[in-house]
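Just below is one structure, and these are the notes that go with it.
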Amino acid sequence: MSDWNDWLGRSERRSDDIVRSPAMRLAATLGDLTSSYRPDAATLPPLWHWLYFLDATPRADIGPDGHAAKGGFLPPIPLPRRMYAGGRLTFPGGLAFGAPAERVSTVTSIAEKRGRSGPLAFVTVRHEISQHGALVTTEEHDIVYREAARPGAPPAPAPRAERAVAVEETVQPDEVMLFRFSALTFNGHRIHYDHPYVTGVEGYPGLIVHGPLIAMLLFEFARRTEGGRDVAAFSFRAASPLFCGTPLRLVRTDGPEAAPVFEARAEDERLVMTATVTFA
Ligand SMILES: CC(C)(COP(=O)(O)OP(=O)(O)OC[C@H]1O[C@@H](n2cnc3c(N)ncnc32)[C@H](O)[C@@H]1OP(=O)(O)O)[C@@H](O)C(=O)NCCC(=O)NCCSC(=O)C[C@](C)(O)C(=O)O
């Protein structure tokens, strides 16, 4: 176990102008999979802040996976394979177009664990986004790091979906959607576009669909099932990777919970992501 205490509490602040053009491009990328965005809306839909406050690491400081090399804001976790593990968000206000906003990010937890797939390290970053001095979005983002791929090792056992289905839709993210989402979020992570890297170095069978893209697809689906109702909070957890070109089932499950549970599933009932939506 390493002592990561020096990294806890590290903080960074970014400002950005909430201009409309990235949102227009995301709306085009999602097409009929979004009903949250309106060209004349005064505020961004929830989650669309992922298009702003982006990391602009210079080329010289990029690491082997295409992200900023570790050891800047994020701790230098030695496990090499980074993934998006999940997030918990609240939306106390709307992020208005045409005005600057500020994001303050803090490393709040670093935990080393052992999972079914091997050693894991989780880093959680809390983001607080404000505009005109008022808090509009809070987000806890969990990042997971896995050990290097072992050639010939079988894939990690994936959890199965077990809940009853109330409503479902199927989408099929393709290379163009992945490319556009990487570009919109200025995410250079090679696992989403570099096939020789993701298969040869990281040992996955294909390009990996972004966790935040799956979360957005689930979020938009969840709102559609509730006639576009406002959302106060959203949380999601990535259970297993989805590979480009395979169908993704968006499921509203049938259960007794007050906040409905949504799941992203692969065709064979492999669980890809679980999400909980608290409608306002
Ligand atoms: C995370 C993996 C490796 C763990 O897989 P595992 O089977 O080894 O874990 P486990 O045995 O189920 O659990 C071990 C421990 O980890 C915890 N745990 C387990 N899962 C999670 C989770 N999601 N969030 C938080 N905690 C988690 C779990 O609760 C347990 O804790 P405990 O020992 O205290 O009981 C596995 O679940 C997995 O592969 N998930 C899918 C990841 C994925 O595909 N993400 C999206 C694509 S990557 C991406 O978008 C990238 C991006 C955008 O470019 C970018 O860099 O940010």
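Okay, here's what the table says:
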read-out	value
For peptides 187-199, 251-263, sequence by mean Cβ density within 10 Å, most packed first	187-199, 251-263
Charge sum, other residues only, whose C-beta stays under 14 Å from GLU267's C-beta, Lys/Arg counted +1 and Asp/Glu -1	-1
Unit charges on C-beta of K, R, D, E only; dipole of region 5-279, Debye	400 debye
Most positive-pole-ward Cα, MET273, HIS189, VAL209, against dipole of the chain from beta carbon charges	HIS189
Amide H contacts under 5 Å for GLY86, placed H, 5+ residues apart	ASP142, ALA238
Whether the chain is rounded, prolate or oblate, judged on the alpha carbon gyration tensor where a/c under 1.5 counts as rounded	rounded
Most positive-pole-ward Cα, GLY98, PHE53, PRO241, against dipole of the chain from beta carbon charges	PRO241
Burial ranking of peptide ranges 59-70, 216-227 (average Cβ count within 10 Å, highest at the top)	216-227, 59-70
³J(HN,Hα) computed for each position of region 146-159 - Karplus, 6.51 cos²θ - 1.76 cosθ + 1.60, integer Hz, glycine/proline x	10, 5, 4, 5, 9, x, x, 5, x, x, 4, x, 9, x
Contour excess over end-to-end distance, with Cα ends at ALA158 and ARG126 and 0.36 nm allotted per residue	8.8 nm
Rounded to whole Hz, the Karplus (6.51, -1.76, 1.60) HN-Hα couplings of region 60-65, x for glycine and proline	5, 10, 7, x, x, 8
Whole-Hz ³J(HN,Hα) from phi, Karplus 6.51 cos²θ - 1.76 cosθ + 1.60, for region 47-53, glycine and proline x	6, 6, 5, 4, 8, 10, 6
The chain, accessible surface, carbon-and-sulfur percent (1.4 angstrom probe)	53 percent
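The values are calculated or read from the model by the stated rules, or taken from the named source; none is laboratory data. Computed from a predicted model, the values in this text were never measured in an experiment. Every residue, glycine among them, receives a Cβ derived from its backbone with ideal geometry; neighbour counts consider all protein chains shown. Quick note on the areas: whole protein, heavy atoms, side chains included, nothing else; ligands and nucleic acids left out. Shrake-Rupley method; radii C 1.70, N 1.55, O 1.52, S 1.80 Å.
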